[in-house]
Amino acid sequence: MSAGIVDGAILLDLEYTEDSSAEVDLNLVARESGGIIEIQGTGEHGELTPEQLTEMVVLMSAGIRGLNAAQRAAVG
C-alpha cells in the first residue's frame, strides 16, 4: 500500500500525478492483522514528522484491511 503527502495533505494510494509531485512517498507491506513486514519511504521534496509517519501507517494499515476484505468478497 502506498501513501504520500501532497500539498501538505496525507493521501492514500496515490495516482501518478500525485506521486510525482509528492513531498513524501511511503510504502507499507503488512499483514491484515497489522503486523508490518516492510516500510520504505522517501522525502522526495520535503520531510515528515513522526506524527505524520504514524498517521500514514495507520491509514495504510486500514487500506490493507479493506483491500483484503474486498479480495475475499470477490473470490467468495
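The values are calculated or read from the model by the stated rules, or taken from the named source; none is laboratory data. Fair warning: this is a prediction, and the values are worked out from it, not measured in the lab. Neighbour counts run over all protein chains shown; Cβ positions are idealised from the backbone, glycine included.
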Which pairs do you get when a residue that is at pLDDT 90 or above, found in segment 61-76, comes within reach of a residue that is β-branched (Val, Ile, Thr), reach meaning Cβ atoms under 9 angstrom, with the pair 6+ apart or on two chains? 61/36; 64/29
Note on segment 6-45: residues charged (D, E, K, R), closer than 22 Å to residue 67 by Cα and part of a loop (DSSP other than H, G, I, E, B) are 13, 15, 31, 32
Segment 46-59: number of residues that are surrounded by fewer than 13 Cβ atoms within 10 Å (Cβ to Cβ) and in a loop (DSSP other than H, G, I, E, B): 3
What do you reckon, is residue 62 touching a Gly at 6+ places or on another chain (Cβ under 7 Å), surrounded by 10 or more Cβ atoms within 10 Å (Cβ to Cβ) and of a type outside the set (Phe, Trp, Tyr)? no
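Can you find even one residue in segment 4-19 that is out of contact with any Cys (no Cβ under 6 Å at 6 or more places or on another chain), among the acidic types (Asp, Glu), touching a residue at least 40 places away in the same chain (Cβ under 8 Å) and at positive phi?
The initial filter retains those residues of segment 4-19 that are out of contact with any Cys (no Cβ under 6 Å at 6 or more places or on another chain), namely 4-19.
If we keep only those that are among the acidic types (Asp, Glu) too, we end up with 7, 13, 15, 18-19.
After this cut, where a residue has to be touching a residue at least 40 places away in the same chain (Cβ under 8 Å) as well, the list is 13.
Still in the running and at positive phi: 13.
Scanning segment 4-19, I find at least one residue that is out of contact with any Cys (no Cβ under 6 Å at 6 or more places or on another chain), among the acidic types (Asp, Glu), touching a residue at least 40 places away in the same chain (Cβ under 8 Å) and at positive phi, so the answer is yes.
Give the residue that is nearest to the chain's Cα centre (by Cα), with candidates limited to residues of segment 1-31 that are surrounded by 14 or more Cβ atoms within 10 Å (Cβ to Cβ) and acidic (Asp, Glu). Break it down stepwise before answering.
Step one: of segment 1-31, the residues surrounded by 14 or more Cβ atoms within 10 Å (Cβ to Cβ) are 1-6, 10-14, 18-19, 22-28, 30.
Among the residues that remain, those that are also acidic (Asp, Glu) are: 13, 18-19, 23, 25.
Values: 13: 6, 18: 13, 19: 11, 23: 14, 25: 8 Å.
Looking at residues that are surrounded by 14 or more Cβ atoms within 10 Å (Cβ to Cβ) and acidic (Asp, Glu), I get 13.
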